[in-house]
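So the structure is just underneath, and the comments pick up after that.
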Number of protein chains: 2
Amino acid sequence: MDYDGVLAGLTLESGAKILFLVADGLGGLPHQETGRTELETARIPNLDTMAARSTCGLHDPVLPGITPGSGPGHLGIFGYDPTTVRVGRGVLAAYGIGFELKPGDVAARINFCTLDAGGRVADRRAGRISTEENQELVGILGDIRLQGVDLFVRTVKEHRAVLVLRGEGLDGALTDTDPQQTGVPPKEAGPLRKRAEKTADLVNRFVVEGRRRLKSRHPANGILLRGFDSPAAIPGFRERYGLKAAAIAAYPMYRGLALMVGMEVLEAGESFESQVETLEKAHAEFDFFFVHYKPTDSRGEDGDFDGKVQALEALDSHLPRMMKPGFDVVVVTGDHSTPSTLRSHSWHPVPFMIHSDWCIAGATRAFTEREAAAGMEGRIPACCLIPLALAHARRLEKYGA
Amino acid sequence: MDYDGVLAGLTLESGAKILFLVADGLGGLPHQETGRTELETARIPNLDTMAARSTCGLHDPVLPGITPGSGPGHLGIFGYDPTTVRVGRGVLAAYGIGFELKPGDVAARINFCTLDAGGRVADRRAGRISTEENQELVGILGDIRLQGVDLFVRTVKEHRAVLVLRGEGLDGALTDTDPQQTGVPPKEAGPLRKRAEKTADLVNRFVVEGRRRLKSRHPANGILLRGFDSPAAIPGFRERYGLKAAAIAAYPMYRGLALMVGMEVLEAGESFESQVETLEKAHAEFDFFFVHYKPTDSRGEDGDFDGKVQALEALDSHLPRMMKPGFDVVVVTGDHSTPSTLRSHSWHPVPFMIHSDWCIAGATRAFTEREAAAGMEGRIPACCLIPLALAHARRLEKYGA
């Protein structure tokens with residue numbers, strides 16, 4: 001489903017405001033004893049009432065049956081096709097620690113590893129060194145200088161770090177140096193196309209110099225790189241949708257993904273309450289607000305059914321205040337399902353509601369998976385959500401004469 | 001909807017087993033008097049109970065409104081896009097008589113025809129000669145030898161037969177010799193691309209020699225060829241889905257289609273009971289079982305509403321025994337609809353259910369067209385079914401970081 005050629009020239013500037021509320025990992029599965037999902041168990045009167053007045057349905061973030069990672073999940077609900085637009089591991093890792101990648105940057109995941117006397121990988125994770133030791137090693141590597149490029153090395157956690165190269169003419173189409181097995185030496189980074197040759201050369205020089213500086217360390221005396229990539233070069237929300245868009249999210253990864261699609265990331269505290277305050281304060285300045293709510297996913301991944309129910313109830317309690325500033329369109333959905341019974345992201349389609357003055361409220365009486373399945377919107381790809389929101393905001397002209 | 005680049009690298013080996021039960025021509029239409037479809041009329045308590053515990057929906061084998069032949073119908077439910085992957089008439093005809101085509105073979109449909117003294121087609125079906133006469137003629141044509149290629153000529157029925165060429169460098173991109181009208185001479189087979197020239201030449205030499213040998217016969221003194229094609233060169237179930245797949249089917253055409261997608265075709269008797277026995281015996285050896293049930297389609301094509309109802313009831317009675325060996329995922333569906341009132345394949349979307357531990361059983365209370373339409377899965381392309389089955393079998397990794 002390709003909106004690219006269709007949306008161009010259709011978007012209208014208008015004062016209409018859209019609230020796009022994403023409860024991460026929203027969808028669930030029935031509890032073994034009660035037969036009710038987390039959404040069906042939770043007391044969420046505000047969401048239920050809004051669903052009954054909305055047009056509802058289920059969306060597939062990628063394709064039916066495909067379980068999305070956070071990158072593809074958000075690309076999908078932001079209206080991009082995750083089967084063609086990819087976000088590499090290095091880019092997500094950089095976003096995940098709040099590193100603000102710029103267009104053209106190349107990012108990669110670093111694993112600190114143990115090399116034996118023959119230079120072969122003995123432990124791909126260097127015995128999972130402490131985060132403190134990681135920080136020390138990152139300090140050593142961060143001093144490396146290479147001509148014509150800025151280098152950034154940042155700690156993630158334990159044996160994991162991030163490398164970012166910034167400069168002219170870089171290209172992230174490189175093969176990993178991580179051989180994904182022990183007993184063999186690390187590989188060289190190889191260019192996957194002609195114009196990545198310079199970047200491959202820079203990376204390999206970084207690795208050689210890094211190894212020299214870590215030689216006497218133990219157990220982390222080497223590094224493995226994988227997931228080279230640049231932030232996707234895609235038209236942002238302004239260009240694609242004519243929207244001045246803001247993002248309010250506690251977790252760095254989602255702020256990074258929002259940046260990548262041209263949203264302005266607003267400062268907000270850690271608590272969801274403080275994020276709602278930010279929404280209130282910024283209300284006048286933007287057309288579109290992406291508000292990200294993480295606890296639903298976190299409790300789902302913990303396998304904590306009751307915790308996810310409580311996270312939904314907490315979100316519900318914030319809804320009246322969130323709505324108060326006034327929005328022409330409110331979309332509530334998730335980036336994927338995270339059933340507590342599976343303790344992980346899943347492939348199940350995700351409930352959504354679109355609330356505006358231009359809805360046919362269908363058979364949906366509550367905001368649940370089963371009720372959404374009976375909604376007017378049926379089952380659609382996630383990339384339809386923003387065009388639908390634009391339509392409900394009267395921000396799209398007629399297509400064709 | 002393109003899974004090609006998405007599934008690559010996501011499939012996991014696991015012990016999870018999938019039963020894929022295809023009732024050919026499953027979907028129907030309401031009886032004029034009762035207003036109930038065949039599925040709604042049949043007493044199928046086992047299927048109904050399973051549907052109520054499954055996630056259900058309707059699938060389109062090709063596209064909404066398109067009535068599929070058996071080739072596209074099965075390609076669709078096997079997860080291939082029938083709008084880009086084609087199975088030619090010659091290939092299907094060869095499969096239909098149990099001829100095991102190999103990659104690179106070129107197959108075509110033969111019509112025995114009557115040519116007048118001027119070499120013009122007088123009867124495209126040679127008065128529908130008997131199958132016995134057909135066999136005699138096939139014996140004559142089967143003796144033809146052409147350098148560098150093996151020839152196989154096989155009887156189908158009445159005036160219909162199959163030609164298969166096997167050898168190096170063959171290409172089935174040829175135009176028909178059948179002019180599709182009388183009063184004109186047969187055409188020469190023409191190459192549709194450069195590398196089909198050799199094959200066109202071989203075919204035309206076969207036709208000339210065949211005509212020479214049949215000259216004195218009456219009424220079948222000539223042959224017309226159409227539907228040249230090779231078995232589709234597509235990644236099979238092992239490569240595409242990571243599945244060791246078996247097929248249990250009484251009819252040769254379905255065994256052929258299963259072979260084409262890399263399934264192992266198991267020996268089984270003519271009765272469905274003996275096929276269920278084969279399923280039991282082979283249970284330990286495969287990950288995936290395609291079980292094909294033909295009577296639903298046959299009775300539908302006969303226009304025998306009651307007969308189709310009985311065929312559904314008979315299938316239902318086998319279900320408990322089929323389930324007994326234990327499957328992690330059970331899919332029940334059809335390759336297309338065959339409403340008795342239409343006496344033919346139809347374009348109506350086809351009910352399906354997916355049963356696993358990871359379902360939200362929806363509003364579906366029975367296994368019918370109307371109940372499936374109210375199911376959690378909505379209406380999806382047929383090519384989603386196998387990815388969904390893989391997901392429910394936990395045989396797919398997360399897509400993207």
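The values are calculated or read from the model by the stated rules, or taken from the named source; none is laboratory data. Note that the coordinates shown come from a computational prediction; the quantities given were computed from them, not determined experimentally. In this analysis, Cβ positions are derived from the backbone assuming ideal geometry, glycine residues included, and neighbour counts consider all displayed protein chains.
For the range B:283-304, the set of residues classified as part of a helix (DSSP H, G or I) and surrounded by 13 or more Cβ atoms within 10 Å (Cβ to Cβ) consists of B:HIS283, B:PRO295, B:THR296, B:ASP297, B:SER298, B:ARG299, B:GLY300, B:GLU301, B:ASP302, listed by residue number.
Look at (1) in the same structural domain as A:VAL329 (by TED's automatic domain parsing); (2) modelled with pLDDT of 95 or more; (3) farther than 19 Å from A:PHE327 by Cα and you find that A:THR364 fails only one, number (2).
Within the range B:360-380, which residues are more than 25 Å from B:PRO30 (Cβ to Cβ) and surrounded by fewer than 21 Cβ atoms within 10 Å (Cβ to Cβ)? Break it down stepwise before answering.
As a first pass, look at the range B:360-380 and keep what is more than 25 Å from B:PRO30 (Cβ to Cβ): B:360-361.
Correct list: B:ALA361 only.
When you go through A:GLY139, A:GLY148, A:GLY71 one by one, which is the residue that is more than 14 Å from chain B (Cβ to nearest Cβ), out of contact with any Cys (no Cβ under 9 Å at 6 or more places or on another chain) and either in contact (Cβ under 8 Å) with a residue 12 or more places away in the chain or aliphatic (A, V, I, L, M) (or both)? Spell out how you get there, then give the answer.
Values: A:GLY139 fails: either in contact (Cβ under 8 Å) with a residue 12 or more places away in the chain or aliphatic (A, V, I, L, M) (or both); A:GLY71 fails: more than 14 Å from chain B (Cβ to nearest Cβ).
Every option except A:GLY148 fails the conditions.
Residue-by-condition table, conditions (1) touching a Pro at 6+ places or on another chain (Cβ under 6 Å); (2) closer than 14 Å to B:ALA107 by Cβ; (3) loosely packed, with under 15 Cβ neighbours inside 10 Å:
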{"position": "B:THR177", "(1), (2), (3)": "yes, no, no"}
{"position": "B:PRO185", "(1), (2), (3)": "no, no, yes"}
{"position": "B:ARG195", "(1), (2), (3)": "no, no, yes"}
{"position": "B:LYS215", "(1), (2), (3)": "no, no, yes"}
{"position": "B:GLY222", "(1), (2), (3)": "no, no, no"}
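Among the candidates A:HIS355, A:HIS345, A:HIS392, single out the residue that is in contact (Cβ under 8 Å) with a residue 12 or more places away in the chain and either farther than 26 Å from A:ASP81 by Cβ or within 14 Å of chain B (Cβ to nearest Cβ) (or both).
Details: A:HIS355 fails: either farther than 26 Å from A:ASP81 by Cβ or within 14 Å of chain B (Cβ to nearest Cβ) (or both); A:HIS392 fails: either farther than 26 Å from A:ASP81 by Cβ or within 14 Å of chain B (Cβ to nearest Cβ) (or both).
From the options A:HIS355, A:HIS345, A:HIS392, the qualifying one is A:HIS345.
Only one of the numbered conditions (1) among the aliphatic types (A, V, I, L, M); (2) within 14 Å of chain A (Cβ to nearest Cβ); (3) within 28 Å of B:LEU10 (Cα to Cα) is violated by B:ALA372, and that is (3).
One line per residue, one yes/no per condition, for (1) away from chain B (no Cβ under 14 Å); (2) farther than 24 Å from A:PHE289 by Cα:
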{"residue": "A:GLY326", "(1), (2)": "yes, no"}
{"residue": "A:VAL332", "(1), (2)": "yes, no"}
{"residue": "A:ASP335", "(1), (2)": "no, no"}
{"residue": "A:SER340", "(1), (2)": "no, yes"}
{"residue": "A:CYS359", "(1), (2)": "yes, no"}
{"residue": "A:ALA363", "(1), (2)": "no, yes"}
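Examine the range B:307-319 for a residue that is assigned by TED's automatic domain parsing to the domain that holds B:ASP48, surrounded by fewer than 22 Cβ atoms within 10 Å (Cβ to Cβ) and either under 22 Å from B:LEU63 (Cβ atoms) or among the β-branched types (Val, Ile, Thr) (or both), and state whether such a residue exists. No: zero hits.
Exactly one residue among B:GLU270, B:GLU280 is at pLDDT 95 or above, out of contact with any Leu (no Cβ under 9 Å at 6 or more places or on another chain) and either farther than 30 Å from B:VAL6 by Cα or crowded, with 17+ Cβ neighbours inside 10 Å (or both), and that residue is B:GLU280.
Here's the yes/no breakdown for (1) assigned to a loop (DSSP other than H, G, I, E, B); (2) out of contact with any Phe, Trp or Tyr (no Cβ under 8 Å at 6 or more places or on another chain); (3) at positive phi:
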{"position": "A:MET50", "(1), (2), (3)": "no, no, no"}
{"position": "A:GLY65", "(1), (2), (3)": "yes, no, yes"}
{"position": "A:PRO72", "(1), (2), (3)": "no, no, no"}
{"position": "A:ASP81", "(1), (2), (3)": "yes, yes, no"}
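Each residue in the range A:244-267 was checked for being surrounded by fewer than 22 Cβ atoms within 10 Å (Cβ to Cβ) and of a type in the set (Phe, Trp, Tyr), and 1 of them qualify.
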